[in-house]
Structure formats: structure tokens, C-alpha cells
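The next block holds one structure in the form of C-alpha cells; read it before the comments.
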Amino acid sequence: MIAANCILAGIDLGPDTEKNLAYTAYFASRTGATIRLLYIIDYLLTPPAYLASYIEEEKKRGEEEMARLQVLLSGLELKTESSVMLGRLHESFMKSIQETSADLLVIGYKAHLLRPSSSERLIRSLAMPMLVVRGERAEKASPGTVTIRKILCPVDFSENSRKAISMAKAYAGLLSADLHIMHVVPSHVMKEKWEQWINPDKNDSQRFEEGLLSDAASKLSQLTKEFNIQAEAEIVQGATGQMVCAAAEEGAYDMIVMGARGLSYLHGVLIGSTTESVLKSSPCPVLIVH
């Protein structure tokens with residue numbers, strides 16, 4: 001059961017604003033949550049006095065645009081609030097999250113070659129459920145047009161993936177969506193375990209691979225039974241991020257739900273390498289679960 005108090009939508013007033021708004025409206029309409037639109041004028045340091053007039057103009061523009069977006073959402077009978085803040089990105093989001101007791105954060109996704117983008121900074125620093133709107137499936141989304149009918153949930157048997165499968169099941173029920181569970185046996189793991197054998201016989205390679213896949217299948221079966229999930233589940237082998245994105249593309253999934261980090265995460269790191277890989281290439285929005 002999903003019960004949301006508030007959905008916080010990070011708005012940058014750029015070309016992806018309408019897409020983010022569309023998914024925010026969809027989830028709010030299904031959960032009954034209040035929407036808080038948040039636009040931040042991001043400054044690392046206190047701006048000098050000579051920028052005051054520029055900042056005031058930027059704030060006014062933001063408030064006018066927020067008012068327009070609220071009117072747009074009011075036509076969908078959604079309760080909406082908005083806020084324009086000046087300050088550091090992370091601290092501003094944290095303050096808004098605390099003020100609203102937000103249950104879900106909705107943001108877009110951009111990646112820069114030489115430095116982390118605003119979305120990447122938020123993804124790496126905020127440990128809360130986060131819907132990252134990206135991919136071809138979201139490209140033409142506008143408020144009132146979004147539907148989620150197919151959900152893909154990759155798991156690696158870590159605690160975060162257990163939380164992800166629980167949330168994926170809840171959203172599948174709420175949205176009347178089909179749920180598909182998958183586990184990827186990473187190629188490098190199979191290679192490493194094979195090389196750990198003492199004097200491995202090449203003739204045993206196939207039997208060894210089948211044993212690992214069988215063990216993974218057993219764990220996946222136990223996991224789906226534990227969560228009372230009747231959904232389809234499969235085991236595949238390869239590079240995890242690539243296989244997840246390929247499955248989402250081939251299966252025309254509307255959303256991926258996955259843990260923020262897996263079994264091999266480093267202490268203090270909020271987002272694992274597999275999740276980052278999926279975020280960069282996913283054909284559909286990704287719901288990250290901490």
C-alpha cells in the first residue's frame with residue numbers, strides 16, 4: 001500500500017519541466033499526495049550586492065512560472081504548492097523535504113562530461129525515494145497523459161533491492177501495472193569465481209556456470225515467495241546495467257524500480273555503479289529506493 005503525504009518536484013524551468021510535471025501529477029493523482037513545486041536559484045556562496053537586481057528578476061520569473069504551472073495542475077484537480085528558494089542546492093532541498101515531510105522526490109536527469117550536473121548531485125546526496133524522469137518513454141509526456149502499465153524491478157538480493165521489490169509490488173498494485181522481476185549474474189563475478197578454483201578443468205566450465213545460475217534462480221524464487229509475488233521472474237547473465245536497460249527497452253517497460261546500491265557498495269556511497277549506469281542509459285523513468 002502506497003500512501004504519500006507530499007511529492008516534491010524539482011523544477012528548473014528548462015525544456016524538461018513539462019515531463020517532470022507530468023509524472024509528478026500522475027503519482028499525485030494515484031496517491032492523493034499534495035504537490036510541492038520547488039525552484040532553486042542555486043548559489044554556492046552569498047551573491048555579491050551588484051547581482052541583487054538580477055537575482056530579484058530571476059526570482060520574480062520563477063514565481064510567475066510556478067504560478068502558471070500551478071494553474072495547469074489545478075485543472076487536474078490536484079492540490080499544489082510552490083516555492084522559490086535562493087541558496088545551495090542540497091541544503092535547499094533538505095529544508096524543503098523537512099518542511100513538507102515529502103515521501104517522493106521527482107527530478108529530471110542530465111549528465112555533464114566534466115562535472116556533476118544538478119540532478120546527479122541530488123541523486124548522490126539525498127537518501128529518499130526518488131523518481132528520475134528520463135528516457136524515450138517519457139519524452140512526449142505532458143500532464144494528464146502518463147500511464148504506467150509495466151514495471152521492471154532488477155534485484156541483486158541486497159537489502160536495498162529487497163526494499164525495491166517491496167515498493168515495486170506496492171506500485172504495481174496501486175497502478176494496476178504488470179511487474180517483472182529480474183536478476184543479472186554479472187559476467188565478471190562468474191569469471192572471478194571460476195578463476196578461484198584450483199586448477200579448473202575447462203570441461204567443467206559449463207557445469208560451473210549452470211551451478212551459479214541455478215543458485216541465483218533458487219534465491220530469486222525464495223525472494224518472490226517471501227514477498228508473495230506472482231510476477232514473472234528471470235535470470236540473465238552479462239553486464240548488469242546494460243542488461244537492465246536492454247530488458248527495459250525490449251519489454252517496453254514504463255518504469256524501472258531499483259535499489260540505490262547493491263551488495264558491493266562502499267560505505268558512505270549513496271548510489272552504486274550499477275544504478276548510475278542504468279540512470280545514464282535507461283529508456284524509461286527510474287524509481288530509486290534507499
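Let's see how each residue does on (1) within 23 Å of the chain's Cα centre (by Cα); (2) among the basic types (Lys, Arg); (3) surrounded by 16 or more Cβ atoms within 10 Å (Cβ to Cβ); (4) farther than 25 Å from Ala168 by Cα:
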residue	(1), (2), (3), (4)
Asp42	yes, no, no, yes
Ala67	no, no, no, yes
Leu72	no, no, yes, yes
Thr100	yes, no, yes, no
Val106	yes, no, yes, no
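The C-beta contact set for the range 142-166 (first residue aromatic (Phe, Trp, Tyr), second residue open to solvent by 30 Å² or more (accessible area, probe 1.4 Å), distance under 9 angstrom, 6+ apart or interchain) comprises Phe157/Lys219; Phe157/Leu263. Taking first residues from the range 173-187 that are on the phi > 0 side of the Ramachandran plot and partners that are at pLDDT 95 or above and surrounded by fewer than 19 Cβ atoms within 10 Å (Cβ to Cβ), the Cβ contacts under 9 Å between residues at least 6 apart in sequence or on separate chains come to Ser176/Arg149. Reported count of residues in the range 30-59, each being free of Cβ contacts under 8 Å to residues at least 60 places away in the same chain, in contact with a Gly (Cβ under 9 Å, 6 or more places away or on another chain) and not in a loop (DSSP other than H, G, I, E, B), is 5. Applying the criterion of being assigned to a helix (DSSP H, G or I) and not hydrophobic (A, V, I, L, M, F, W, C) to the residues of the range 108-143, the residue that is surrounded by the fewest Cβ atoms within 10 Å (Cβ to Cβ) is Glu136.
Taken together, Ser214, Ser221 contain a single residue that is at pLDDT 85 or above, of a type in the set (Gly, Ala, Ser) and in a helix (DSSP H, G or I), which is Ser221.
The values are calculated or read from the model by the stated rules, or taken from the named source; none is laboratory data. None of these values were measured; they are calculated from a predicted model. FYI the Cβ positions are ideal-geometry reconstructions off the backbone, even for glycines, and counts take in every protein chain you see. Just the protein is used for accessible areas: all its heavy atoms, side chains included, with ligands, DNA and RNA removed. Shrake-Rupley method; radii C 1.70, N 1.55, O 1.52, S 1.80 Å.
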